[in-house]
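Quick notes on the structure that follows.
The values are calculated or read from the model by the stated rules, or taken from the named source; none is laboratory data. Quantities reported herein were computed from a predicted structural model and do not represent experimental measurements. Positions of Cβ are backbone-derived with ideal geometry, glycine not excepted, and every protein chain shown enters the neighbour counts. Protein only, heavy atoms only, side chains kept; ligands, DNA and RNA dropped before computing areas. Shrake-Rupley method; radii C 1.70, N 1.55, O 1.52, S 1.80 Å.
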Amino acid sequence: MHDSIAFLTDLALVLGVAALTSVLSQRLRLPPVFGYLVAGFIIGPNDFFPLVADVGTVRTLSELGVILLMFSLGLGFTLRKIGRLASTAGLIAAVEIGLCLSLGYVVGQALGWSRIESLFAAALVAISSTMIIAKVFEDQRITGPLADVVYGVLVMEDLVAILFLAILSAVVGGSGSTAALVAGTLPRLTLFLTVVVLVGMYFVPRAFRWVVRLRREETTLVASVGLCFSLALLAQMAGFSVALGAFLAGSFVAEAGVSRQVEPLIRPLRDMFAAIFFVAVGM
């Protein structure tokens, strides 16, 4: 009983303060995200305000925001569309990540950091925040080919981030060479993508066309969220990012041609948990 009260207290605190600061932020002609960050500062562990929400609870809830946002992005990308964008987005991602890695490492060395610290700094600046970019694009109403290419680059970065996590974790732990780790991670990632895409493309579009034909929004919403979290969990169990699994789930639904029916149902849920994500960042 105590745990449920603590959870409800944290949820009420996060959403209540976020609502107030978001309204205030917009009254000052600032983006809502600024208000969410301020809310995180207010309810976070600091000496200025007596309100303190549990950081672990908020972080867990914020993960749901990442999953739902990546699912929403996937709704705009059929696998055919991803294939068309792969060469352009891949080239841009390769150049951008290479430059940021080089510059990040050089700056770290210039500041007198160790080799490992410089590598971490380089990896951090090489990967963009999908949440921030998606929110800015939505607020600015940026759509079309430009947005598609940028989101394609972000997906490529998420795949590279999987390699970064494996390599840097091993570097810190001192286990194995970089080449061996990449050689071990790439086949696993390729196998995971191949199996999930083949199975998903066979079952999901058929199933969702049937679900949408029932004309029950509640059923469509539950089926969509269920698929989203299931593939996110599968990706995590395979040792990869939950964002990757959620994005693939959205792409499978897009292949069914029912994105227009699913996206409006997902949006309110996505926006609420995305707000919690930015509050978590502010904390």
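List of remarks:
- Residue match in the stretch 137-145 (condition: more than 21 Å from Thr78 (Cβ to Cβ), touching a residue at least 40 places away in the same chain (Cβ under 8 Å) and either open to solvent by 70 Å² or more (accessible area, probe 1.4 Å) or more than 17 Å from the chain's Cα centre (by Cα) (or both)): yes
- All of Gly83, Gly56 fail the test of being assigned to a helix (DSSP H, G or I), at pLDDT below 85, open to solvent by less than 70 Å² (accessible area, probe 1.4 Å) and over 29 Å from Phe273 (Cα atoms), apart from Gly83.
For (1) in contact (Cβ under 8 Å) with a residue 60 or more places away in the chain; (2) more than 14 Å from the chain's Cα centre (by Cα); (3) over 30 Å from Val52 (Cβ atoms), each residue gets a yes or a no:
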residue: Tyr202; (1), (2), (3): no, yes, yes
residue: Cys228; (1), (2), (3): yes, no, yes
residue: Met237; (1), (2), (3): no, yes, yes
residue: Ser241; (1), (2), (3): yes, no, no
residue: Val279; (1), (2), (3): yes, yes, no
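- Some residue of the stretch 192-199 being modelled with pLDDT of 80 or more, part of a helix (DSSP H, G or I), more than 21 Å from Cys100 (Cα to Cα) and touching a Lys or Arg at 6+ places or on another chain (Cβ under 8 Å): no
- Residues that are open to solvent by 50 Å² or more (accessible area, probe 1.4 Å) and touching a helix residue (DSSP H, G or I) at 6+ places or on another chain (Cβ under 7 Å) within the stretch 114-123 comprise Ile116, Glu117, Leu119, Phe120, listed in sequence order.
- Residue in the stretch 6-25 that is touching an Asp or Glu at 6+ places or on another chain (Cβ under 9 Å) and crowded, with 22+ Cβ neighbours inside 10 Å present: no
- Of all residues making up the stretch 236-280, the number that are hydroxyl-bearing (Ser, Thr, Tyr) and part of a helix (DSSP H, G or I): 2
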